Amino acid sequence: MKTIMRMFLALLLCFVLSQANGQKFENLAERPPMGWNSWNKFGCEINEKIIKEVADAMTSNGMKAAGYEYIVIDDCWQIGRDSLGNILADPDRFPSGISSLVDYVHANGLKFGIYSDAGTATCQGRPGSRGYEFQDARTYAKWNVDYLKYDWCFHGKQNAEASYTLMRDAIYKAGRPMVLSICEWGTNKPWEWGKNVGHLWRTTEDIINCFDCKNNWGGLGVLQIIDLHTEIGEYSGPGHWNDPDMLEIGNGVLTPAEERLHLSMWAMFSAPLMAGNDIRNMSAETLKLLTNKEVLEIDQDKLGISATRWMKYGDLEIWFKPLSDNNYAFCFINRSNQPITINHDLKTTIKKFKVDGNYKVRDVWKHKDVGTTKENVVGVLPAHDVIMLKLTQIFL
Ligand code: GAL
């Protein structure tokens with residue numbers, strides 16, 4: 001009898017624990033999320049006026065139509081907690097409160113993202129969610145937030161997987177589907193455990209506004225981030241994406257060629273695309289680049305496969321990405337300060353991937369069909385530039 005009683009109690013405990021645990025809200029990020037985040041351009045200098053104007057700009061300038069959807073406020077919106085522990089927005093910068101800002105963004109047909117940190121404080125020293133996970137998730141749910149970027153400063157000895165799982169469970173318990181963006185900079189290999197925890201995970205330290213550089217706190221340029229994606233592509237896919245960080249396009253440092261290369265490679269990685277510039281005041285060229293439909297389609301391809309670096313000849317690299325409907329994307333990137341002459345037989349390359357047949361070759365930056373795989377890709381690739389090609393099978 002005692003044994004039966006024990007078994008019953010053990011089963012009851014399992015049931016109670018399984019109810020307490022949460023799970024990830026599914027089907028929220030079947031394609032890599034696209035949107036805008038305040039950090040790269042504004043840092044802590046954010047306020048509700050900027051966020052509203054950004055939402056208006058995204059709606060009216062064609063970005064929304066091109067697929068950009070989330071408006072994410074990053075660090076520094078929060079200032080403290082009230083006596084009950086509720087998180088408080090900075091009243092000087094957000095006098096109308098976050099809830100009304102969310103309504104404003106929603107009224108534009110867009111979604112709203114917020115930022116917090118798994119540790120005791122955010123990276124800018126604002127209150128973190130440690131110990132307040134369920135309360136904060138309830139607050140975000142009450143405000144109708146759609147997306148949470150969850151950082152990793154001041155985490156002490158916390159275990160990353162457990163900390164992010166706790167916030168996942170808190171969101172689930174709060175009952176409002178929210179995309180969970182894990183931002184622990186790739187430190188604890190989130191690609192190995194993040195799939196059932198969040199919808200995207202940062203793979204690296206912060207992007208900095210340069211093409212080929214590092215800084216002393218670990219910030220990385222575009223090339224340095226690309227180099228960290230040669231081995232981890234297989235972990236990314238629909239609902240769970242590698243996140244190589246937000247875009248630096250339109251922030252005044254990268255050349256047009258470098259910006260093309262940046263967006264092309266993020267698209268090759270099926271990366272979340274978060275614009276990081278002041279989209280209220282950008283040049284026509286920047287807007288055109290950010291909304292290049294053919295490039296965005298490669299990013300958003302429903303297979304969600306991340307590219308493989310197929311060849312590296314010194315400073316010339318060739319990346320390959322399978323797309324749906326038996327199509328393929330190729331990127332030729334020139335890392336060097338010198339032009340590189342190309343004469344490449346794509347037919348032989350695709351055969352090595354066991355891909356047969358004849359393909360139409362289209363240059364997605366020039367918006368031009370440039371031949372078929374019967375001919376070599378021939379040309380001069382300027383310094384830091386990219387050729388991005390889409391191959392579509394020709395049925396005879
Ligand atoms: C970093 C994070 C950045 C930004 C910043 C804000 O840890 O990687 O993307 O959110 O904190 O303080």
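The values are calculated or read from the model by the stated rules, or taken from the named source; none is laboratory data. Only a predicted model underlies this, so the values are computations on that prediction, with no experimental measurement involved. All Cβ positions, even for glycine, are placed from backbone atoms using ideal geometry, and neighbour counts span all protein chains on display.
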> Just one of the numbered conditions (1) touching a strand residue (DSSP E or B) at 6+ places or on another chain (Cβ under 8 Å); (2) in contact (Cβ under 8 Å) with a residue 24 or more places away in the chain is not true of residue 370; which one?
Replying inline: (2)
> Which one of these is closer than 20 Å to residue 222 by Cβ and more than 29 Å from the chain's Cα centre (by Cα): 339, 382?
Replying inline: 339
>> Of the conditions (1) of a type in the set (A, V, I, L, M); (2) away from the ligand (no atom under 15 Å from the Cβ); (3) touching a Ser or Thr at 6+ places or on another chain (Cβ under 9 Å), residue 228 satisfies every one except a single condition; which number is it?
In response: (2)
> Can you name the strands (runs of 3 or more DSSP E) wholly within region 119-222 that have at least 2 residues being aromatic (Phe, Trp, Tyr)?
Replying inline: 147-151
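Please go through region 348-375 and pick out each residue that is of a type outside the set (Lys, Arg) and closer than 17 Å to residue 320 by Cβ.
348, 349, 350, 353, 355, 356, 357, 359, 361, 363, 364, 373
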>> Need the failing condition index for residue 225 against (1) over 29 Å from residue 47 (Cβ atoms); (2) in a loop (DSSP other than H, G, I, E, B), just the number.
In response: (2)
>> Being in the same structural domain as residue 345 (by TED's automatic domain parsing), part of a strand (DSSP E or B) and in contact with an Asp or Glu (Cβ under 6 Å, 6 or more places away or on another chain) is true for just one of 318, 333. Which residue is that?
In response: 333
>> Is it the case, given these coordinates, that residue 118 is more than 16 Å from the ligand (Cβ to nearest atom), at negative phi and crowded, with 19+ Cβ neighbours inside 10 Å?
In response: no
>> If the requirement is being basic (Lys, Arg) and closer than 27 Å to residue 53 by Cβ, which of these qualifies: 293, 321, 312, 302?
In response: 293
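Matching residues to (1) more than 16 Å from the ligand (Cβ to nearest atom); (2) modelled with pLDDT of 95 or more:
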site: 198; (1), (2): no, yes
site: 208; (1), (2): no, yes
site: 218; (1), (2): no, no
site: 260; (1), (2): yes, yes
site: 269; (1), (2): yes, yes
site: 274; (1), (2): no, yes
site: 278; (1), (2): yes, yes
site: 284; (1), (2): yes, yes
site: 295; (1), (2): yes, yes
>> Under 7 Å between Cβ atoms, which residue pairs at least 6 apart in sequence (or on different chains) link something in region 68-85 that is away from the ligand (no atom under 16 Å from the Cβ) with a partner that is of a type in the set (Lys, Arg)?
In response: 69/111
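Listed here are the residues, each with its yes/no results for (1) of a type in the set (D, E, K, R); (2) over 18 Å from residue 366 (Cβ atoms); (3) in contact (Cβ under 8 Å) with a residue 24 or more places away in the chain; (4) not in a loop (DSSP other than H, G, I, E, B).
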{"position": "263", "(1), (2), (3), (4)": "no, no, yes, yes"}
{"position": "277", "(1), (2), (3), (4)": "no, yes, yes, no"}
{"position": "280", "(1), (2), (3), (4)": "yes, yes, yes, no"}
{"position": "285", "(1), (2), (3), (4)": "yes, no, yes, yes"}
{"position": "295", "(1), (2), (3), (4)": "no, no, yes, yes"}
> Across region 182-194, which residue is surrounded by the fewest Cβ atoms within 10 Å (Cβ to Cβ) among those that are more than 10 Å from the ligand (Cβ to nearest atom) and over 23 Å from residue 141 (Cβ atoms)?
Replying inline: 192
> Quick check: anything in region 74-94 touching a helix residue (DSSP H, G or I) at 6+ places or on another chain (Cβ under 6 Å), of a type in the set (Phe, Trp, Tyr) and under 27 Å from residue 248 (Cα atoms)?
Replying inline: yes
> What do you reckon, is residue 202 away from the ligand (no atom under 16 Å from the Cβ) and either in the same structural domain as residue 87 (by TED's automatic domain parsing) or not β-branched (Val, Ile, Thr) (or both)?
Replying inline: no
>> Restricting to region 130-181, give me the number of residues that are within 16 Å of the ligand (Cβ to nearest atom), farther than 15 Å from residue 111 by Cα and under 22 Å from the mean Cα position of the chain (by Cα).
In response: 8
>> Tell me the residue from 277, 334, 292 that is closer than 18 Å to residue 256 by Cβ, touching a Gly at 6+ places or on another chain (Cβ under 7 Å) and buried (at least 19 other Cβ atoms within 10 Å of the Cβ), please.
In response: 277
> Do we have any residue at all in region 244-256 that's surrounded by fewer than 23 Cβ atoms within 10 Å (Cβ to Cβ), of a type in the set (D, E, K, R), within 16 Å of the ligand (Cβ to nearest atom) and part of a loop (DSSP other than H, G, I, E, B)?
Replying inline: no
